[in-house]
Amino acid sequence: MEAEPLREKLRAIADFLLANRAELPASPGLSGGRLGAFLFLHTYATLTESETHAAGAAEILLTAIKLLPSYPATSTLYYRELAEAGTVIRYLREQHYLDESFELVLEKIDHLLLPGISLLTKQELFDPFVGYLPAATYLLGRRTAGAEQAVRQVLDTLLRTYEEEAQGGFWRSYLFDKNQVYTGWSHGIAAVLLFLAKVLQTGGTYRQSELQAAMRGASRYLLAHQTTNGLNLFPDVVGQPGPSNTLNLCYGDLGIGFALLQTSQALAEETLHTAALAVLTSAAYRRGAPECRVPDASLIYGASGNSLFFKYLYQTMQRPAFQEAAAYWHQQAHHLSQQPGCVAGYKGHYNQQTASAHYSLFEGVPGYGLALLEYETDSSVLLSLIGY
């Protein structure tokens, strides 16, 4: 994308979010709440040295923090929102944007999350959107006795609910009152593997050999379910009758390949590493937004997220196929954000039934804008903040 059109798009998004602060979602989280708009404005203001946008970002952040104690626990996303807020605050402290006084906010978030871990593990709901994995991932970085105990409770639950058969092992999802085995980052095995890889990479030793065995079994199970039924190498749900073609951060081969890659590194297994690279390389050669069911330029479901993902892979592995895929999806994001009358030409496709979707990091302009910013500045923060 040429420099001037890019600057115009970023400025349009920044001005839109600044002017519509009062319309932002009432939730304090990152993926669908106020912190998505904050993160874009904060990043944009830092790069452009805009005091106006910096002040607006600070206002949004403080409002989100004030919302934390009163955010209703009845929301299905309650614990994810809390974990996301904690993750962003911890990141901002590491960047010296927030000072040590915000440790008190993190302690409050810990206090609210710990009962949630007990509740969700009893329900055996690991799901990365409405289950215990986001809270557990956040608590991995909190060096407190309560956080450590909560993580152990999660690991005990994952080992208790792990099922093994001849092809390997898996975890069942009871999301939407169903009993299914999802494969991907959204709702499935890939999300569990990514969490367990982080546990090992952060030096966790609790029930280590059992966790390693489960990771090997789950990886073997995924690879055993490769199929030629669609453009993806894996089904979205084990046993699904139709093809799987969607290629984005939420569904499809990207999340599965990345989970296998991270697992291979955590276990130091070269054969698995080779298999993971084969999955990701196959995905990198996929072309055509319609064929890949990429209808917009959003972060989690669309072209901008794909571009950021492949750019990260290229930065870490220097493989030309990933560089080419990143450039291709970056250009597709530009083509898909030319809608007249829309902010920066951006129009979302999924979950647009609520007005707040336009302000969402996952489906709306903040995520699209942040992906463009990170792509152009060679940054690699956003993917880890959202759970990759």
In deg cm²/dmol, rounded to 500, what helix-only [θ] at 222 nm does the chain give when every DSSP H run of at least 4 residues adds -39500 (n - 2.57) and the total is split over its residues?
-18500 deg cm²/dmol
Restricting attention to region 268-299, which GluC sites (Glu not before Pro) occupy a DSSP loop and are surrounded by at most 16 other Cβ atoms within 10 Å?
Glu291
Please turn the phi angles of region 286-303 into ³J(HN,Hα) values with the Karplus equation 6.51 cos²θ - 1.76 cosθ + 1.60 (θ = phi - 60°), one per residue in order, whole Hz, x for glycine and proline.
6, 9, x, 4, x, 5, 8, 6, 10, x, 8, 9, 5, 6, 8, 10, x, 5
Charge dipole of region 230-308 built from unit charges on the beta carbon (Lys, Arg +1; Asp, Glu -1), centred at mean Cα; most positive-end Cα among Pro290, Leu308, Leu231 is Pro290
Can you give me the pair-distance distribution of region 4-96, C-alpha pairs, 10 Å bins, whole percents?
17, 48, 28, 6, 0
Bin width 10 Å, origin at 0, all Cα-Cα pairs of region 266-388: what percent of pairs per bin?
14, 43, 31, 10, 2, 0
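Rounded to the nearest 20 Debye, what is the dipole magnitude of the chain about its Cα centre when Lys and Arg each give +1 and Asp and Glu each give -1 at the C-beta?
Charge dipole of the chain: 480 debye, to the nearest 20.
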Charged-residue dipole, Cβ positions (Lys, Arg, Asp, Glu), region 241-356 about Cα centre, Debye nearest 20
260
In this model, which of Lys108/Lys311; Lys311/Lys347; Lys178/Lys311 are farther than 30 Å apart at the alpha-carbon?
Lys108/Lys311; Lys178/Lys311
From the phi of every residue in region 312-320, what ³J(HN,Hα) in whole Hz does the Karplus formula 6.51 cos²θ - 1.76 cosθ + 1.60 yield, where θ is phi - 60° and glycine or proline is x?
4, 4, 5, 4, 8, 10, 6, 9, x
Taking the Cα of Glu107, stepping 7 Å toward and past its beta carbon, and measuring to each backbone N in region 136-157: which are under 15 Å?
143-147
Near Lys198, which aspartates and glutamates are there with a Cα under 17 Å away, not counting those fewer than 8 places off in the same chain?
Glu84, Asp127, Glu148, Asp156, Glu210, Glu269
Net +/- balance of residues flanking Gly184 in space, Cβ distance below 10 Å, scoring K and R +1, D and E -1:
-2
Within the accessible area of the chain (1.4 Å probe), percent carbon and sulfur:
52
Calculate, in whole percent, how much of the Cα-Cα pair population of region 178-272 lies beyond 21 Å.
29
Counting pairs of Cα atoms in region 290-350, how many percent are more than 17 Å apart?
38
Are there chymotrypsin sites (Phe, Trp or Tyr not before Pro) in region 247-345 that DSSP marks as loop and that have at most 15 other Cβ atoms within 10 Å, and which are they?
Tyr285
Rounded to whole Å and ordered largest first, report the semi-axes of the equivalent ellipsoid of the chain derived from its Cα gyration tensor (root of 5λ).
31, 27, 18
Order by accessible surface, 1.4 Å probe, largest leading, for residues Asp296, Asp15 comes to Asp15, Asp296
Limiting things to C-alpha atoms, what are the Rg and the maximum Cα-Cα separation (Dmax) for region 120-165, in angstroms?
10.8, 37
Please go through region 86-164 and write out the trypsin sites (Lys or Arg not before Pro) that DSSP classes as loop and that have at most 16 other C-beta atoms within 10 Å.
Arg143
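The values are calculated or read from the model by the stated rules, or taken from the named source; none is laboratory data. Just so it is clear, the model here is predicted, and its values are computed rather than measured. Here the Cβ is made from the backbone with ideal geometry for all residues, glycine too, and neighbour counts use every protein chain on show. Heavy atoms of the whole protein, side chains included, go into the accessibility calculation; ligands, DNA and RNA do not. Shrake-Rupley method; radii C 1.70, N 1.55, O 1.52, S 1.80 Å.
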